[in-house]
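The values are calculated or read from the model by the stated rules, or taken from the named source; none is laboratory data. Everything numeric here is computed off the predicted structure, so don't read it as measured data. Glycine gets a Cβ as well: all are built from the backbone with ideal geometry, and neighbour counts include every protein chain shown. Side chains are part of the model used for accessible areas, which takes the heavy atoms of the whole protein and leaves out ligands, DNA and RNA. Shrake-Rupley method; radii C 1.70, N 1.55, O 1.52, S 1.80 Å.
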Amino acid sequence: MKNKQKDVYIYPVIFRNEGKAGFAILVPDLDVATCAETEEKAFIAARELIGITILGLEEDKEEIPLASSLQSIQLEKDDTVSLIDVFMPSIRLANKNKAVNRTVTLPAWLNAKALEYNINFSQLLQEAIKKELHL
């Protein structure tokens with residue numbers, strides 16, 4: 001029986017301290033792993049890894065494994081385990097590239113000058129928003 005699509009998933013994640021090499025990040029229930037340079041980046045990478053893995057399972061209509069309990073996770077030396085939550089609506093939306101229309105108001109003189117230089121308003125606005133959001 002396939003799991004019903006949920007908005008929030010929470011999985012235990014193993015963070016393995018690799019010294020100067022950073023952190024190995026293991027999600028045993030999803031059988032995926034990645035790495036990161038710092039502890040902070042490791043938590044971000046864990047969330048992204050879980051989100052994109054679940055998104056792939058959803059798109060392929062595959063069963064999404066249930067999360068194990070923290071107590072059942074087997075740790076090795078220098079391992080820590082933490083629960084990581086993922087809010088799937090934002091992951092799903094971020095991976096859709098559907099265009100939406102927005103109305104933008106400009107002074108007439110600026111519009112005329114932009115048209116004179118063949119400015120692509122949509123492209124420029126997208127680039128500016130991405131820059132503002134540090135994307």
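Select, from Ile73, Ile84, the only residue that is modelled with pLDDT of 95 or more, surrounded by 12 or more Cβ atoms within 10 Å (Cβ to Cβ) and in contact with a helix residue (DSSP H, G or I) (Cβ under 8 Å, 6 or more places away or on another chain). Let's see the steps before the verdict.
Numbers: Ile73 fails: modelled with pLDDT of 95 or more.
Going through Ile73, Ile84 in turn, the sole match is Ile84.
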**Prompt:** For the range 20-60, how many residues meet the condition of being over 13 Å from the mean Cα position of the chain (by Cα), of a type in the set (A, V, I, L, M) and open to solvent by 60 Å² or more (accessible area, probe 1.4 Å)?
**Reply:** 2
**Request:** Among what's in the range 118-135 and is among the hydrophobic types (A, V, I, L, M, F, W, C) and part of a helix (DSSP H, G or I), pick the residue that is farthest from Ile64 (Cα to Cα).
**Result:** Phe121
**Request:** Test each condition in (1) within 30 Å of Lys6 (Cα to Cα); (2) in contact with a Lys or Arg (Cβ under 7 Å, 6 or more places away or on another chain) for Glu59 and report the one that comes out false.
**Result:** (2)
